[in-house]
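Participant: Let me begin by handing over the structure; questions about it come next.
None of the figures in this text is laboratory data; all of them are computed from the coordinates on show. Note that this is a predicted model, so its numbers are computed, not measured. Positions of Cβ are backbone-derived with ideal geometry, glycine not excepted, and every protein chain shown enters the neighbour counts.
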Amino acid sequence: MPKKPIRAVHALEEAQRIAFAPFVFQATITLKRMGVLNYIFENCNNGGVDLDTIAEALSISDYGLGVLMEIAESSNIVCKNEGDKYELTKTGYFLTCNKMTGINLNFTQNVCYQGLFHLQEAIETGRPAGLKELGHWPTIYEGLSKMAPDTQQSWFDFDHHYSDGIFDEALKIVFGHAPKLLFDIGGNTGKFAIQCCNYDLEVRVMIFDLPGQLSKALENAKNKGYENRISGREIDWLSQNTEIPQGADIIWMCQFLDCFSKQEILKILTSCAASMDIDTRLLIMETFTDRQKFDNARFILEATSLYFTTMANGNSKMYKAAELIELIDQAGLEIVSDIGVRELHTLFVCKKSNRN
Ligand SMILES: C[S@@+](CC[C@H](N)C(=O)[O-])C[C@H]1O[C@@H](n2cnc3c(N)ncnc32)[C@H](O)[C@@H]1O
């Protein structure tokens with residue numbers, strides 16, 4: 001990215017914002033959780049609110065509310081109107097009401113915040129050194145079904161937010177291939193598998209995941225009455241045995257390969273290729289850092305990479321499309337369609353390469 005000229009005074013200000021970023025973040029979380037931002041939002045049509053009114057309504061000390069509101073004002077989250085009353089700024093409005101921002105705040109606070117303290121150790125060791133703050137598992141994925149409820153909720157909210165919205169469009173593409181048997185690799189809670197069965201009356205889905213997630217996914221499938229159409233296979237892609245059966249018409253992986261290092265991705269794709277015949281299609285849905293229209297989207301993905309480094313597994317990231325394209329080729333596959341899906345996602349439809 002070309003360097004933008006910036007005046008020294010602004011650069012120094014930016015540097016201080018970074019130096020104190022955790023203070024602003026924790027103040028925001030506290031203001032949200034104590035109901036202050038919401039209270040100001042609810043009173044925005046009443047000409048704003050003063051400190052005493054907020055303090056009394058929410059039973060917060062003048063001192064406590066005062067320090068929070070001061071940093072919120074200098075961080076451009078709240079402002080004072082002509083009547084000297086507090087209102088939300090636009091940023092304050094998004095922090096209070098925007099769904100994606102709320103999900104990202106909770107993910108940062110409940111899943112990553114304490115663990116990020118161990119980032120340097122994670123970089124130096126290639127291990128998710130921050131994960132010990134949540135529990136003692138080799139990677140976060142073994143812990144998903146066991147972690148504290150609010151952490152688990154925040155993880156799933158984050159994960160689902162970035163995939164739920166594209167399932168509708170994905171289903172049309174998937175069923176354009178008229179699959180009878182679909183493998184959902186990293187099927188997680190079974191959400192996509194269930195939607196496949198809702199969409200098509202015949203399709204059968206086999207979910208591949210770690211034991212804890214798989215049993216949750218199969219339980220969810222059973223609750224929807226799909227126990228005869230959705231089955232599962234336990235697999236650990238980090239183990240020696242990564243063979244999968246033949247016979248799938250579609251192999252589906254959504255937001256899955258970013259959970260692995262490049263070397264591991266090559267192993268996974270090679271296993272898939274070995275199970276495919278000339279008609280099988282492998283569909284890879286990802287959010288690539290080099291395919292984003294907006295800088296802000298790229299920023300979110302690059303922050304998410306640090307979650308992988310510190311919390312998830314220590315060696316994966318949100319990739320550039322170019323990096324994955326190279327691995328797909330090395331695994332003996334070729335991309336037959338490269339489709340942009342909504343704002344953030346890309347879908348690669350792959351087949352076995354003619355070289356094989
Ligand atoms: C980020 S989630 C993606 C979930 C889902 N496909 C979606 O689009 O929302 C990654 C999934 O991969 C699974 N996974 C991670 N590491 C794995 C491993 N070593 N072996 C098997 N599955 C794994 C996780 O349990 C989780 O269900």
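Participant: Working out 0.36 nm times the residue gap between D150 and C44, then minus their Cα-Cα distance, what length gain in nm do you get to one decimal? Don't jump to the answer; show the numbers that get you there.
Facilitator: Details: separation 106, 0.36 × 106 = 38.16 nm, distance 3.02 nm.
Extra length from D150 to C44 when fully extended: 35.1 nm.
Participant: Also, quick follow-up: On a 0 to 90 degree scale, rounded to 10, what angle separates helix 295-307 from the longest Cα axis of the chain?
Facilitator: 70
Participant: Holding the Cα-Cα limit at 27 Å, pick out from K4/K293; K146/K293; K172/K224; K146/K320; K99/K222; K146/K224 the pairs that are longer than that. Provide the component values of the computation, followed by the final result.
Facilitator: Values: K4/K293 18 Å; K146/K293 37 Å; K172/K224 21 Å; K146/K320 32 Å; K99/K222 30 Å; K146/K224 23 Å.
Those over the limit are K146/K293; K146/K320; K99/K222.
Participant: Kindly rank 17-25, 196-204 from highest to lowest mean number of other beta carbons found within 10 Å of each residue.
Facilitator: On the way: 17-25: 12.1, 196-204: 16.3.
Output ranking for 17-25, 196-204: 196-204, 17-25.
Participant: What distance in nm separates the two pseudo spin-label positions at N76 and E323, each 7 Å out from Cα along the beta-carbon direction?
Facilitator: Result for the modelled spin labels: 3.0 nm.
Participant: Follow-up question, since we're still on this one. Would you calculate the convex hull of the Cα atoms in the chain and tell me its volume per residue in Å³? If you can, show how the numbers build up before the last one.
Facilitator: Values: hull volume 61.9 nm³, N = 356.
About 174 Å³ per residue, rounded to a whole number.
Participant: Here is a follow-up. Straight-line reach only, C-alpha to C-alpha below 22 angstrom: list the lysines that K80 could link to, leaving out same-chain residues fewer than 8 apart.
Facilitator: K32, K90
Participant: Taking segment 158-352, how much of its Cα-Cα pair set, in percent, is spaced more than 19 angstrom apart? Could the numbers behind the result be given before it?
Facilitator: On the way: 10969 of 18915 pairs.
The proportion of pairs with Cα distances above 19 Å equals 58 percent.
Participant: Viscosity 1.002 mPa s, temperature 20 °C: what is the translational diffusion coefficient of segment 8-97 from Stokes-Einstein with a Kirkwood Rh over Cα pairs, rounded to a whole number of µm²/s?
Facilitator: Values: Rh = 13.4 Å.
Approximately 160 µm²/s, per Stokes-Einstein.
Participant: Right, something else. Assigning unit charges at the beta carbon (Lys, Arg +1; Asp, Glu -1) and nothing else, what dipole magnitude in debye, to the nearest 20, does segment 8-97 show about its Cα centre? Intermediate results must be reported in sequence, preceding the final value.
Facilitator: Numbers: 6 positive and 12 negative charges, 81 e Å.
Here the size comes out at about 380 debye.
Participant: Continuing with this model, one more query. So which residue, out of Q240, Q292, Q255, gets the largest mean-square fluctuation from a GNM of the chain using Cα contacts under 10 Å as springs?
Facilitator: Looking only at Q240, Q292, Q255, the largest GNM fluctuation is found for Q240.
Participant: Identify all aspartates and glutamates with a Cα-Cα distance to K267 below 14 Å; exclude those on the same chain that are fewer than 8 residues away in sequence.
Facilitator: Excluding near neighbours in sequence, the set is D236, E243, D258, E326, D329.
Participant: May I pose another question? Can you tell me the orientation of helix 62-74 relative to the chain, as the angle in degrees between its alpha-carbon axis and the longest Cα principal axis, to the nearest 10?
Facilitator: Approximately 70 degrees, to the nearest 10.
Participant: Using +1 on the beta carbon of Lys and Arg, -1 on that of Asp and Glu, and nothing else charged, what's the dipole of segment 70-171 about the Cα centre, debye to 20?
Facilitator: Details: 7 positive and 15 negative charges, 34 e Å.
With Lys and Arg at +1 and Asp and Glu at -1, about 160 debye.
Participant: How large is the dipole of the chain about the Cα centre if only Lys and Arg carry +1 and Asp and Glu carry -1, each at its Cβ, rounded to the nearest 20 debye?
Facilitator: My answer is approximately 680 debye.
Participant: For a Förster distance of 25 Å, can you work out the FRET efficiency between the beta-carbons of D62 and R7, rounded to the nearest 0.05? Please report the intermediate quantities before stating the final value.
Facilitator: On the way: r = 38 Å, r/R0 = 1.50.
Using R0 = 25 Å, I get an efficiency of 0.10.
Participant: Give me D for segment 87-162 in µm² s⁻¹, whole number, from Stokes-Einstein with Rh from the Kirkwood sum over alpha-carbon pairs, 10 °C and 1.306 mPa s.
Facilitator: Details: Rh = 13.6 Å.
In µm²/s, the coefficient rounds to 117.
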